[in-house]
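Remarks on the structure that follows.
Please treat every number below as a calculation from the coordinates, not as lab data. Keep in mind the model is a prediction, meaning the values are calculated, not measured. For neighbour counting, all protein chains shown are included, and Cβ atoms are generated from backbone atoms with ideal geometry for every residue, glycine included.
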Amino acid sequence: MTDSTLQMLEAEIKEGRGLQEQRRQERLRSIAGNGHTPPKVLSPEELKEQSLTDEANEISETYELLLEATIARDHSRVDALLARTYRKGISRERTQEELLRRWAERRGIDLTGKAPSGAGRVIGKADPGAGIQQLQPGFVLDHDLHVMVADAGAGKTFLTLELATVLSVGRHGFLDQQAPRNGASGRGTVLYIGSDGGPSAWPMLNDYCDELEAVERGASIEVWAEADDGSESAWSLTLPCLDRLAARVARGDVLGVIIDTANAVFQQANLSPYVGPVDQYLRLLKGIVCPHAFLWINTHTNRNGKDMKATGGHPAWQEVPSVIHRIERLKNVDGEAATYRWTVEKFRSEAPRTFTYQWRNGEFIIVDGHYHENVDDLLLALIASHRTEGMPTSPAALIAASERSAQSVYSSLKRLRQGRLIRSKGRSNLTTPAGDRRLASIAIA
């Protein structure tokens, strides 16, 4: 086709469109002359915008119907609605994200990460708040998300059941750190979600708790696991299961939730812990549990990574949690107890640390690595006694009197201030009313 021919065709098209518009305007004038209000005629741009609005409304309505059908476990309707979104070119991942967002919005959980509005606060002129509260020094932060990563067979289930027992009882130490004494009463119920292992999970967890003497020690551990008779299925990251978890922790009597394992709860919901909206699921779980309790998730090692990059298989496993622990089974001589290395890869406000341990004669034994005593209570008592006797309570004086390392003392003083158990006055440290109550609670009669 020559250039002249092309130009002629374009001119004819423009002329034809002009005639069409002229005839349309004549019809509108005729309608107006007869006393009728002509209908609003939309421009091509307005027609396109209207079409997009109608499409968005239809998709939004589909999402709402899909959310209701998912919660109701109406699988046939879910399949039909998913097919509708697929025909509209919406990916499965995008649909998952939108359903999570809408479900979280109904629950009042913010997944956007937007900063709250406010004027800001000035250091030294505003209440610092309660600070970081450690349920178990060096291991567990209250109302926060933790991840434990290990290879299969590294003993993470047995170990986290011991952790659940110690936390529930509330007055024992755990591995390389001594727990603060908290009186004779227990700390609360730990919900253990044992989705790994199918119907065998419940008897295995029961046997482990027997070996640990969890009940005899006074622990309260509630287990969600698949039952042989089909009366209970394994918990997974489906919306009905999330509803159940939200309702349970909202009752207020759960100290913490342990999920064993991430791979199981993702895969049983036809999701992947390696790709897709993993960060959104972690933030959603944190939004459900952490206003009420701590959250601990066991997951598997990413063999392609080293150190903290071995955590999970998605960057969210390294970025979203405040605490990341890693355990690995070491080679051992025949006849000796298995040895494990525990590494605290990430612990908000504290440096990483590593130690090794064994399970021998019914208890966990530290075999390498410094055993951390409860320096917090020691320093709290020293500060109170030094003030009574008119002695200095500066960090240097406390280091000398406690015979502990400078790093240990400074870290402990930081925790005591964050917990509002002491306050600073120049270089001196003073106990607060909360600190005095703490001292009274651990006093030996």
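List of remarks:
- FRET efficiency estimate (nearest 0.05) - Cβ-Cβ, Glu213 to Ala83, R0 45 angstrom: 0.25
- Distance between the pseudo-spin-label points of Lys414 and Ala396 (7 Å out from Cα toward the beta carbon): 2.1 nm.
- Report note on the peptides 348-361, 418-431, 264-277, 163-176: ranked by the mean count of other C-beta atoms within 10 Å, highest first, their order is 163-176, 264-277, 418-431, 348-361.
- Across Lys156/Lys331; Lys346/Lys425; Lys88/Lys286, pairs whose alpha-carbon gap is larger than 24 Å: Lys346/Lys425; Lys88/Lys286
- Global geometry of segment 155-281, whether rounded, prolate or oblate, following the gyration tensor of its Cα atoms and the 1.5 cut on a/c: prolate
- Scoring 55-63, 380-388 by mean Cβ neighbours within 10 Å over their residues and listing the highest first yields 380-388, 55-63.
- With 0.36 nm allotted per residue and the present C-alpha distance subtracted, the Ile71-Arg353 stretch has 97.2 nm of extension available.
- Backbone N under 20 Å from the Arg360 label point (7 Å along Cα→Cβ), restricted to segment 139-158: 155
- Modelled FRET efficiency - R0 22 Å, Gln407 with Arg427, Cβ distances, 0.05 increments: 0.75
- Annotation: peptides 225-237, 136-148, 79-91, ranked by per-residue average of other Cβ atoms within 10 Å with the highest first, follow the order 136-148, 225-237, 79-91.
- ³J(HN,Hα), Karplus 6.51/-1.76/1.60, whole Hz, each residue of segment 403-417, x for Gly, Pro: 6, 10, 5, 4, 4, 5, 5, 5, 5, 5, 4, 4, 5, 5, 5
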